Amino acid sequence: MDLEEAEEFRERCTQCAAVSWGLTDEGKYYCTSCHNVTERSKEVISTEAIPNTKIQAINRGLKRKRKLEKGWDWYVCEGFQHILYQQAEALKTLGVGPELKNEVLHNFWKRYLQKSKQAYCKNPVYTSRRKATVLEDNSSHSEWDSEPELLSDFSCFSFVESGTESQPDVHTRKPFPINKASQSETASVCSGSLDGVEYSLRKQKGVVKMTMPRTLAFCSLSLLWRRETITLSDLLRFVEEDHIPYINAFQHFPEEMKLYGRDKGIFAIESWPDYEDIYKKMIEVATFLDLPRFPDITEDCYLHPDILCMKYLMEVNLPDEMHSFTCQVVKMAGIGEVDFLTFDPVAKMAKTVKYDVQAVAVIVIVLKLLFLLDDNLEWSLSTIAEKHNEENKEDKPWFDFRKWYQVMKKSFDEKKQKWEEARAKFVWKSEKPLYHSAIDRSVAYKRREMVVNLQKQFSTLVDSTPTGEKKNPSSFQFNWTEEDTGRTCFHGHSLQGILTKKGQSLTTKNSLYWLSTQKFCKSYCKHVTTYEESNFSLSYQFILNLFSFLLRIKTSFLHEEVSLIEKRLFKTKYSKTKKKSSRSRKVRK
């Protein structure tokens, strides 16, 4: 940019009528008031000293450079489509079937584009010039005007055409053609995309605006439709471990898709995805798309609480015998029914079950039924189990809650410390520099290069070892085996020490139970209940903290789920408290 060299250009700006010009790196004039870029460029005054051959060679090089620097004309929705494609590919490498990308996610995205009037409709919300191109090029296809069929329109093109999955050609992944930069259309210097500024300011009532967190909502809905073995907490953990593109996902854009200015606020994100936020966005997206009832969650499905409870019992090193108790709680609370578990966005109160949170909440309730978790009974039962195991070393060991707590506390603290260190060391800055306008591009790249050099020098000075390779994805964060001599595996331990025979059946020695929530909040509250750690026993706090870490959720969120299941399980207790409160009100009157 050189303002002095642009002083000779005295024409008024077509946008704001100002006469204040600057020069871009490409030699074109732009208005310093409104940033409008013209097609006029500064002419070379004298070329006598330069041979013609050199002029032609330099001209050809400049053309190639300018073509690359200016890039393609692209819209924000195309950027999100590219990110969804990369996320679907990542899920495929994690073991998810190709149908999720080619059939389910593609159809959801196609429906979103039509519902938000960005494509597959007569009047897309783009500039008239580009809109005419889209309609003209696709006037023969009935798909543009018709309602996209839900998960049945498999004949239409997917994110990639058959036989070209391995090719990174972006053209095969677009719902409408991407035009190369032309003289008739000039992108704003405020964003690399054609509609970056407009998109960031757009507030259309009734339309769900696409954001980075909503890409994960689309992926989670697709996984739920396919009934895959990846829960929402697993999905967010894989994002955290960089197995699924999310933070700085724009780095995977083709070189020709320039991203700067307002695009930065749309695609660059500097916060980890939150479980509650993505859960709400799933319901929001499904309702906006008018999706039909999802496939039934039956007993043989991975998302059924009976199966998920088994998985989390193994994860936290609890006895296998506890699974029969979790199954009984699921049955008594009625949370294993197909209608309860199956997501139906069309229903009056559209809500999907938090499958993973619900499963661990059931385990917490079972632990309360068996051990009470009042910082008293669990330790008394542990003393009895410890004494029995010492006297009967050859028999099947009784489950010792104190010993389990010690083993889990150590493993949990080590795992949490590593997780906190990894988060603290995480570099949010992308390898591809971001800048506010095309004018700042060279400065941004120089700064990024300087930062990288300083980091290398600093790491050499402190003799820091380079970060290890990305660990392989796994459904389990804790692994327990009988062969591991360093840590006790409690999977095969017996619950005989906490059970007593009553006739032909076994019942728990503990006959008491305390409710996690005595009184629920009113309907106008945003939350169901509150959680104050100081009001609960240390054992209960540890159990909640352990499971909350596994799922990467807030402790209060799990406590709320425990309370809701207890409400279904102990209806009589809650009805009694309601009667007592109503009587006290009458007395006051």
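The values are calculated or read from the model by the stated rules, or taken from the named source; none is laboratory data. What you see is a predicted model; the values in this text were computed from it and never measured. As a convention, Cβ positions derive from the backbone with ideal geometry for all residues, glycine included, and neighbour counts pool all protein chains shown. Ligands, DNA and RNA are excluded from the accessible area calculation, which covers all protein heavy atoms including side chains. Shrake-Rupley method; radii C 1.70, N 1.55, O 1.52, S 1.80 Å.
One residue alone among ARG568, ARG552 is among the basic types (Lys, Arg), open to solvent by 30 Å² or more (accessible area, probe 1.4 Å) and within 27 Å of GLU240 (Cα to Cα), and that residue is ARG552. For residues in the range 489-541 being in contact with a Leu (Cβ under 8 Å, 6 or more places away or on another chain), more than 27 Å from THR555 (Cβ to Cβ) and not in a loop (DSSP other than H, G, I, E, B), which is least open to solvent (accessible area, probe 1.4 Å)? It comes out as GLY497.
Whether a residue is in the same structural domain as LYS101 (by the TED database) and open to solvent by 10 Å² or more (accessible area, probe 1.4 Å) was assessed, and LYS281 passes this test.
Residues that are of a type in the set (S, T, N, Q), assigned to a loop (DSSP other than H, G, I, E, B) and either surrounded by 14 or more Cβ atoms within 10 Å (Cβ to Cβ) or within 38 Å of the chain's Cα centre (by Cα) (or both) occur in the range 349-371; there is at least one.
For the range 201-217, a residue qualifies if it is within 15 Å of ASP263 (Cβ to Cβ) and modelled with pLDDT under 85, and exactly one does: ARG202.
In the range 351-364 there is at least one residue matching the filter, namely being within 18 Å of GLU560 (Cβ to Cβ) and hydroxyl-bearing (Ser, Thr, Tyr).
The listed residues are GLU256, GLU284, GLU270, and the only one of them that is in a helix (DSSP H, G or I), in contact (Cβ under 8 Å) with a residue 60 or more places away in the chain and of a type in the set (Asp, Glu) turns out to be GLU284. The single residue among LEU224, LEU232, LEU201 that is over 30 Å from ASN472 (Cβ atoms) and either hydrophobic (A, V, I, L, M, F, W, C) or out of contact with any strand residue (DSSP E or B) (no Cβ under 6 Å at 6 or more places or on another chain) (or both) turns out to be LEU201. Does at least one position in the range 408-430 carry a residue that is among the β-branched types (Val, Ile, Thr) and modelled with pLDDT of 95 or more? No, there is no match, as no residue in the range 408-430 is among the β-branched types (Val, Ile, Thr) and modelled with pLDDT of 95 or more.
Taken together, GLY261, GLY334 contain a single residue that is crowded, with 20+ Cβ neighbours inside 10 Å and of a type in the set (Gly, Ala, Ser), which is GLY261. Scanning the range 321-331 for residues being surrounded by 18 or more Cβ atoms within 10 Å (Cβ to Cβ) and touching a residue at least 60 places away in the same chain (Cβ under 8 Å) gives a total of 2. On the stretch given as the range 385-427, residues that are touching a strand residue (DSSP E or B) at 6+ places or on another chain (Cβ under 8 Å) and either part of a helix (DSSP H, G or I) or more than 18 Å from PRO319 (Cα to Cα) (or both) total 3.
For residues that are among the hydroxyl-bearing types (Ser, Thr, Tyr) and in contact (Cβ under 8 Å) with a residue 60 or more places away in the chain, scanning just the range 340-358, find the one that is farthest from TYR302 (Cα to Cα). Of everything passing the filter in the range 340-358, THR352 is farthest from TYR302 (Cα to Cα). Looking at LEU318, is it in contact (Cβ under 8 Å) with a residue 40 or more places away in the chain, open to solvent by less than 30 Å² (accessible area, probe 1.4 Å), over 23 Å from the mean Cα position of the chain (by Cα) and under 23 Å from THR555 (Cβ atoms)? For LEU318, the condition - in contact (Cβ under 8 Å) with a residue 40 or more places away in the chain, open to solvent by less than 30 Å² (accessible area, probe 1.4 Å), over 23 Å from the mean Cα position of the chain (by Cα) and under 23 Å from THR555 (Cβ atoms) - is met.
Looking across the range 335-348, the residues that are over 28 Å from THR500 (Cα atoms) and assigned to a loop (DSSP other than H, G, I, E, B) come down to GLU337, THR342, PHE343, ASP344, PRO345, VAL346, ALA347, LYS348. For first residues located in the range 546-571 and under 19 Å from LYS418 (Cβ atoms), partners that are basic (Lys, Arg) and open to solvent by less than 10 Å² (accessible area, probe 1.4 Å) and lie 6+ apart or on another chain with Cβ distances below 8 Å form the pairs ARG552/ARG237. Take the residues in the range 76-126 that are of a type outside the set (Lys, Arg) and modelled with pLDDT under 90; name whichever of them is most open to solvent (accessible area, probe 1.4 Å). Ranking the candidates gives ASN123 first. Here is a check on your reading of the model: is ASN376 exposed (fewer than 13 other Cβ atoms within 10 Å of the Cβ) and modelled with pLDDT of 90 or more? In short, yes.
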